[in-house]
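Please read the structure below before turning to the comments.
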């Protein structure tokens with residue numbers, strides 16, 4: 001058993017001297033001058049702290065009369081503030097009795113709320129850890145020596161996510177999840193593209209659900225939205241044009257280029273399958289196709305020995321050999337490269353005539369695989385042109401931020417091995433990624449527990 005003294009000379013070779021007073025203040029968030037008695041004992045992996053506070057004057061909370069001490073009662077408070085150790089405060093709470101009305105009451109508990117068994121310091125630490133999506137509920141519970149249910153209860157109780165205001169530049173994207181509702185396989189993620197954080201997550205991306213959500217906002221607020229970025233899903237466009245009368249719709253350039261690359265890949269695979277298996281042409285299209293797919297490759301590298309052709313070849317040599325296989329492949333590559341140059345270097349001033357020339361080239365080409373892409377460019381022409389505007393920080397309009405946030409959400413879902421509770425998922429994600437969502441501790445607890453539907457009858461395999 002160890003007793004704490006008041007010795008201020010705590011010598012540590014090569015370290016920093018910390019007075020007991022500062023240590024106790026940091027460990028328990030109390031003033032050492034108010035302590036009458038304190039001692040601690042370590043039992044296995046748990047520290048037990050016994051504390052009694054000095055007798056102080058209290059007025060009766062019922063009648064305002066004078067009070068006297070009327071015994072003590074031990075209360076246990078869970079307080080694991082040392083890493084790798086559990087901790088319990090044995091708080092010997094003083095009870096007082098009023099001389100006038102004979103009512104009794106306890107002194108205020110400085111460690112936690114009434115009828116709570118975990119300290120406020122512990123709850124604060126849990127809430128800070130909940131803002132880190134790299135930590136699962138189970139891991140947070142393990143670090144703090146409490147149950148997963150308690151962790152979830154604190155999240156449900158102390159984080160509130162009111163309906164946010166609409167940003168000037170809104171991004172809309174989706175995330176595949178089993179938590180989705182209304183016969184939809186996707187959640188809908190709403191992004192503030194200007195301030196760079198998610199503002200809300202909806203449990204369905206259906207047109208009906210989106211219209212209902214945005215109609216909650218008054219018309220004057222919806223008219224403040226000037227830009228909306230979407231991927232190439234028609235219901236998004238329909239909802240945006242209906243709800244936001246003053247906005248410009250822009251499609252994510254990445255999705256346009258992806259459709260183009262998918263069409264080019266079909267062309268390459270069709271030509272490859274027409275070549276004899278294991279021939280030189282088949283080998284080049286199978287093994288070195290990334291030379292066609294990527295534009296940031298150094299083609300003029302030092303020639304490397306190629307066992308297939310028994311000579312040294314650079315990447316440019318290999319690319320020229322690929323182009324020699326088929327004129328159709330070369331023409332398809334040139335068209336793809338032309339659009340990628342447009343995507344990378346066009347501006348809001350010259351993008352319209354440049355895009356019109358590309359639409360003409362894709363529409364009149366003999367390469368049938370590109371006709372669907374030409375139709376796509378015609379259908380989304382205005383939205384593609386709008387994507388070249390740079391209203392904030394010289395950034396093109398895109399859903400790059402939404403895709404980055406979606407990758408974090410997918411990683412979190414993989415970490416927690418999926419979730420069926422959308423309310424809790426939404427609350428934690430917004431708490432972690434939205435800087436305007438805070439937590440507030442109180443003595444009131446509420447749960448967002450989700451009740452799964454009962455399983456139907458089934459027969460076991462005997």
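The values are calculated or read from the model by the stated rules, or taken from the named source; none is laboratory data. Source: prediction; values computed, not measured. Cβ: placed from backbone, ideal geometry, glycine included. Neighbour counts: every protein chain shown.
Entry remark, segment 139-155: residues being surrounded by fewer than 19 Cβ atoms within 10 Å (Cβ to Cβ) and either touching a residue at least 60 places away in the same chain (Cβ under 8 Å) or assigned to a loop (DSSP other than H, G, I, E, B) (or both) number 3 in total. Test residue 60 against the stated conditions and say whether it is over 23 Å from residue 37 (Cα atoms), in contact with a strand residue (DSSP E or B) (Cβ under 6 Å, 6 or more places away or on another chain), touching a residue at least 12 places away in the same chain (Cβ under 8 Å) and assigned by TED's automatic domain parsing to the domain that holds residue 24. When the stated conditions are applied, residue 60 passes them. Residue 314 passes every criterion in (1) buried (at least 17 other Cβ atoms within 10 Å of the Cβ); (2) without any contact (Cβ under 8 Å) to a residue 60 or more places away in the chain apart from (1). Based on this model, can you work out whether residue 356 counts as part of a helix (DSSP H, G or I) and either in contact with a strand residue (DSSP E or B) (Cβ under 9 Å, 6 or more places away or on another chain) or not assigned by TED's automatic domain parsing to the domain that holds residue 175 (or both)? Against the criterion (part of a helix (DSSP H, G or I) and either in contact with a strand residue (DSSP E or B) (Cβ under 9 Å, 6 or more places away or on another chain) or not assigned by TED's automatic domain parsing to the domain that holds residue 175 (or both)), residue 356 qualifies. For residue 413, the conditions (1) without any contact (Cβ under 8 Å) to a residue 40 or more places away in the chain; (2) assigned to a helix (DSSP H, G or I); (3) outside the structural domain of residue 258 (by TED's automatic domain parsing); (4) farther than 21 Å from residue 254 by Cα are fulfilled apart from (1). The number of residues in segment 160-187 being closer than 24 Å to residue 447 by Cα and buried (at least 20 other Cβ atoms within 10 Å of the Cβ) comes to 4.
Cβ-Cβ distances below 6 Å connect no pair with a first residue in segment 75-89 that is in the same structural domain as residue 145 (by TED's automatic domain parsing) and part of a strand (DSSP E or B), a second residue that is surrounded by fewer than 22 Cβ atoms within 10 Å (Cβ to Cβ) and at pLDDT below 85, and a separation of six or more residues or different chains. Applying the criterion of at least 3 residues that are over 21 Å from residue 358 (Cβ atoms), outside the structural domain of residue 206 (by TED's automatic domain parsing) and in contact with a helix residue (DSSP H, G or I) (Cβ under 9 Å, 6 or more places away or on another chain) to the helices (runs of 4 or more DSSP H) found wholly in segment 224-343 leaves 253-274, 280-287, 315-323.
Report yes if residue 165 is part of a loop (DSSP other than H, G, I, E, B), more than 20 Å from residue 420 (Cβ to Cβ), at pLDDT below 95 and more than 17 Å from the chain's Cα centre (by Cα), otherwise no. For residue 165, the condition - part of a loop (DSSP other than H, G, I, E, B), more than 20 Å from residue 420 (Cβ to Cβ), at pLDDT below 95 and more than 17 Å from the chain's Cα centre (by Cα) - is met.
Selection within segment 257-284: residues that are touching a residue at least 12 places away in the same chain (Cβ under 8 Å) and over 22 Å from residue 335 (Cα atoms). The member of this set that is nearest to the chain's Cα centre (by Cα) is 283. Of the residues 92, 70, the single one that is over 30 Å from residue 147 (Cα atoms) and either part of a loop (DSSP other than H, G, I, E, B) or outside the structural domain of residue 153 (by TED's automatic domain parsing) (or both) is 70.
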